[in-house]
Amino acid sequence: MAKAQVTFADIGETVTVSAGTRIIEVSEKVNAGLVYGCREGDCGTCIMQVLDGWENLSQPSVLEEKVLRDNNVGRHCRLACQAQILGGSVTVKPA
Amino acid sequence: MTAQAQRPINVAQTRDAVPISSRVHWIGALDPTLRTFDIILKTANGTTYNAYLVRGQDGVAVIDTVKEKFSDEFFQRLESVANYDDIRVIVLNHLEPDHTGALPELMRRAPHARLYISHKAQRMLKGLLKQESFDFTPVTTNDTVSLGDCTLRFLNTPYLHWPDTQCTYLEEEAILFSGDAFGCHFCDPRLFNDLVGDFRFSFEYYYAHIMRPFREHVLAALELIEPLHLKIIAPTHGPILRDQPARYVARFRELTEPRLKKESTDKTLLVFYLSSYGNTAKMAEAVYAGASEIEGVRVSLYDLEGGAVEPFVDLIEDAEGIALGTPTINGDATKAMWDLLSSLVVINLQGKVGAVFGSYGWSGEAVGMLEDRLRGLKVRVPVPGIRVKLIPTEEELEACRQFGRQLAEIMTDKQKPKVIDFEDL
């Protein structure tokens, strides 16, 4: 299976994962600072800032776009519970 | 301040609106018999649900409403100074039910009104009104709405104390409608801070339980509020602050300062333990000794059996890390440890490092339970906890020392960047 790497800038850890993994699943395992609530793209608790590798994440769904818009977030923010890493590497931190 | 406004008014004897300035009336409700608010807050003499009406040349704005069961009082006061057809603007500074209980009925009665809420309030509004479509305008800092000769300016102040919270500033009157900020649960029918009884304890108690967990957000809000010229602060609970309002802003600034001044720039690791036969105590001493070897970390060791919880909460608020040691008794962690953890809800723990260790006799569930609780409190638990069956051996104590070193290194960013495989987690 294709591999990818996600780096959590706040704890300095990089995790090699299978392509298609949601960021929140990895964050939870390594105890990064990304916190979550509903995990269903509704509450906006897990908003993260993508520092690098934006293009390596899955496109936001209409629902995610709406939650991000409702929360008035800055550029390059995503929901960790929705964003999947598709390949390459990505660096994130809590927004 | 006008002579009329200075005259004591007993709101309990009337259902009329109360003028607080030339353009603004209080149209809230009193709840003097309430003794517990939201299950957790004691209210020695009740509370108030403050709502306000602003009259401009081009119409009327209603700012916040009241808890549903006090709707009649709210509508009577509103009707004493305005017609529903005049209402063009409804502002909700936040959507907790004690301020939005009368909203659905108000929207029904005021067909020309438009709703102004923060961006984060939109999804809450949907839950509140149980309608798929409704008209509203989401606003953020420096957005304005005009009533002709007066302007309402919005300040986005999230987490004071819900994510959707905002304040609204009436520029021409220098009145800040502050939502729950600068409020308190204190009911006095004389309404104004220069007339009511001594409410300092309520103000401080309210801050400690409602605002303290969101200290960083309070500081961000103060950056927006401190530059404002303020004649009156009109919060959603408790007295209207017309006498020296800036003092209350300054007090918020003081209350956001750390309770205990740090004595050095080192990172702080606090090791708490409880021990029935001295085994968890030995582990705690080893964790303490290991962490103390790392430069840049100041480590303290406390036997929870000998301490009151409150001072520890203050210490933890300003520490970067906590390590908790507990034996397992009847398949559970010790009560004093749970008491400490349950007391931490009044502070913000996000981003702190946590760790757990403990000796056990039979099953040893306590360590995992406390780790789960720490994660629930948004504490990072980067090092797996250590469990020792009964009396720790020298090797096990060395593992505890290493555990302490590792924690201290993480706190001082001395650990090397790690690359790990998800499969190994």
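The values are calculated or read from the model by the stated rules, or taken from the named source; none is laboratory data. Computed from a predicted structure; not experimentally measured. Note that we place each Cβ from the backbone using ideal geometry, even for glycine, and neighbour counts take in every protein chain shown. These area figures cover heavy atoms from the full protein model, side chains too; ligands, DNA and RNA do not enter into them. Shrake-Rupley method; radii C 1.70, N 1.55, O 1.52, S 1.80 Å.
I want to make sure I understand the PRE zone here: with the label point 7 angstrom from the Cα of residue A:51 toward its beta carbon, which residues in segment B:382-412 have backbone N atoms less than 13 Å away?
none
Here are some pairs, A:66/B:416; B:231/B:261; A:93/B:120; B:130/B:231; B:335/B:416; A:66/A:93; which of them have Cα atoms lying more than 27 Å apart in this structure?
A:66/B:416; B:231/B:261; B:130/B:231; B:335/B:416
If I fit a long axis through the Cα atoms of helix B:215-225 and take the longest principal axis of the Cα atoms of chain B, what angle between them do I get, 0 to 90°, rounded to 10?
30 degrees
Please give the FRET efficiency for residue A:3 paired with residue B:251, using the beta carbon to beta carbon distance and R0 = 41 Å, rounded to the nearest 0.05.
So the FRET efficiency works out to roughly 0.15.
Residues with beta-carbon under 15 Å from that of residue A:51, excluding residue A:51: net charge, scoring Lys, Arg +1 and Asp, Glu -1?
Here the charged neighbours net out to -1.
Only bridges whose two residues both fall in the protein assembly as shown count here: according to DSSP, what percent of them are antiparallel, nearest 5?
About 50 percent, rounded to the nearest 5.
Rounded to the nearest 500 deg cm²/dmol, what is the calculated helix-only ellipticity per residue at 222 nm for the protein assembly as shown, with -39500 (n - 2.57) per DSSP H run of length n ≥ 4?
Here the helix-only value at 222 nm equals -7500 deg cm²/dmol.
Counting pairwise Cα distances across the protein assembly as shown, what percent come out greater than 40 angstrom?
Percentage above 40 Å: 34.
Could you please tell me the mean projected area of the C-alpha convex hull for segment B:94-172, averaged over all directions and given in square nanometres to one decimal?
With the hull built on Cα positions only, its mean projection is 5.5 nm².
Search the structure for amide H atoms under 5 Å from the amide H of residue B:147, placed 1.01 Å from N in the peptide plane, and list their residues when 5 or more places away or on another chain.
Sorted by chain and number, the residues that satisfy this are B:152.
When the Cα centres of segment A:1-42 and segment B:216-284 are compared, how far apart do they sit, in Å?
Spelled out, the Cα-based centre of one part sits 32 Å from the other.
Take the Cα gyration tensor of segment B:267-410, multiply each eigenvalue by 5, square-root it, and list the three semi-axes largest first, rounded to whole angstrom.
They are 20, 18, 13 Å, listed largest first.
Who wins for biggest fluctuation among B:327, B:32, B:311 in a Gaussian network model of chain B, springs between alpha carbons below 10 Å?
So, out of B:327, B:32, B:311, the one fluctuating most is B:311.
Rounded to the nearest 100 Å², what's the accessible area chains B and A bury against each other, both chains counted, probe 1.4 Å?
Counting both chains, the buried surface is close to 2000 Å².
Cross-link partners among aspartates and glutamates for residue B:352, C-alpha distance below 12 Å, same-chain residues fewer than 8 apart left out?
Cross-link targets: A:10, B:317, B:318, B:320.
Excluding residue B:235 itself, calculate the net charge of residues whose Cβ lies under 12 Å from the Cβ of residue B:235, where each Lys or Arg counts +1 and each Asp or Glu counts -1.
Neighbour charge sum, excluding residue B:235 itself: -1.
Starting from the Cα gyration tensor of segment B:18-256, take the square roots of the eigenvalues, sort them a ≥ b ≥ c, and report rounded, prolate or oblate (rounded when a/c is under 1.5, otherwise prolate if a/b is larger than b/c, else oblate).
Taking the square roots of the gyration eigenvalues as a ≥ b ≥ c, segment B:18-256 is rounded.
If ligands, DNA and RNA are left out, what is the accessible area of residue B:369 with a 1.4 Å probe, given in Å² to the nearest 10?
Accessible surface of residue B:369 is approximately 70 Å².
Where a ≥ b ≥ c are the square roots of the eigenvalues of the C-alpha gyration tensor, would you call segment B:239-294 rounded, which needs a/c under 1.5, or, failing that, prolate if a/b is larger than b/c, or oblate?
Taking the square roots of the gyration eigenvalues as a ≥ b ≥ c, segment B:239-294 is oblate.
Tally up the carbon and sulfur contribution to the accessible surface of the protein assembly as shown as a whole percent, 1.4 Å probe, everything protein left in place.
49 percent
Roughly how tilted is helix B:394-411, in degrees to the nearest 10 and between 0 and 90, from the longest Cα axis of chain B?
40 degrees
With a Cα-only, solvent-free Debye model of segment B:189-297, what are the log10 I(q)/I(0) values at q = 0.13, 0.24 Å⁻¹?
-0.68, -1.35
Any chance you could tell me what percent of the C-alpha pair distances in chain B go past 36 Å?
In whole percent, the long-distance tail amounts to 40.
Tell me the per residue accessible area of chain B using a 1.4 Å probe; a whole number in Å² is fine.
44 Å²
For residue B:192, which sequence-distant residues (separation of 5 or more, or a different chain) have an amide H within less than 5 Å of its own amide H, given hydrogens modelled in the peptide plane?
For residue B:192, whose amide H was placed from the backbone, the distant partners under 5 Å are B:240.
Quick one: if you stick a label point 7 Å off each Cα along the C-beta vector at residue B:38 and residue B:338, how many nm between them?
Modelled inter-label distance: 2.4 nm.
Just the isolated ones, please: cysteines in chain A lacking another cysteine beta carbon under 4.7 angstrom.
So far as the 4.7 Å Cβ criterion goes, A:46, A:77, A:81 stand without a partner in chain A.
About its Cα centre, how strong a charge dipole does segment A:1-53 have in debye, to the nearest 20, once Lys and Arg get +1 and Asp and Glu get -1 at the Cβ?
That gives segment A:1-53 a dipole magnitude of about 160 debye.
Relative to the compact-globule scaling 2.2 N^0.38 Å, provide the ratio for the alpha-carbon radius of gyration of chain A.
Taking the Cα Rg and dividing by 2.2 N^0.38 Å, one obtains 0.96.
Please report the antiparallel percentage of the DSSP beta bridges confined to segment B:26-96, to the nearest 5.
Roughly 75 percent of the DSSP beta bridges within segment B:26-96 come out antiparallel.
Would you calculate the convex hull of the Cα atoms in segment B:1-151 and tell me its volume per residue in Å³?
Hull volume over Cα atoms, normalised by residue count, gives 135 Å³.
Could you pull out every residue, at least 5 positions away or on a different chain, whose amide H is within less than 5 Å of the one on residue B:116? Hs are placed 1.01 Å off N in the peptide plane, and Pro or chain starts have none.
B:90, B:91, B:92, B:137
Which net charge results when you count Lys and Arg as +1 and Asp and Glu as -1 among the other residues whose beta-carbon is under 14 Å from that of residue B:363?
0
Under a GNM of chain B (C-alpha, springs under 10 Å), which listed residue has the highest mean-square fluctuation: B:207, B:277, B:288?
In the Gaussian network model the winner is B:277.
Compute accessible area for segment B:148-195 by itself and then with all protein chains, 1.4 Å probe, and report residues whose area falls by 20 Å² or more.
Residues passing the criterion (a loss of at least 20 Å², heavy atoms only) do not exist in segment B:148-195.
Taking a point 7 angstrom from the Cα of residue B:265 along the C-beta vector, which residues in segment B:315-340 have backbone N less than 17 Å away?
Zone members listed by number: B:320.
When Cβ neighbours within 10 Å are restricted to other protein chains, what is their mean count per residue of peptide B:417-425?
Taking the mean over all residues of the peptide, I get 6.
Leaving out ligands and nucleic acids, and using a 1.4 Å probe, what accessible area per residue does segment A:3-94 come to in Å²?
Averaged over the residues of segment A:3-94, the accessible area is 43 Å².
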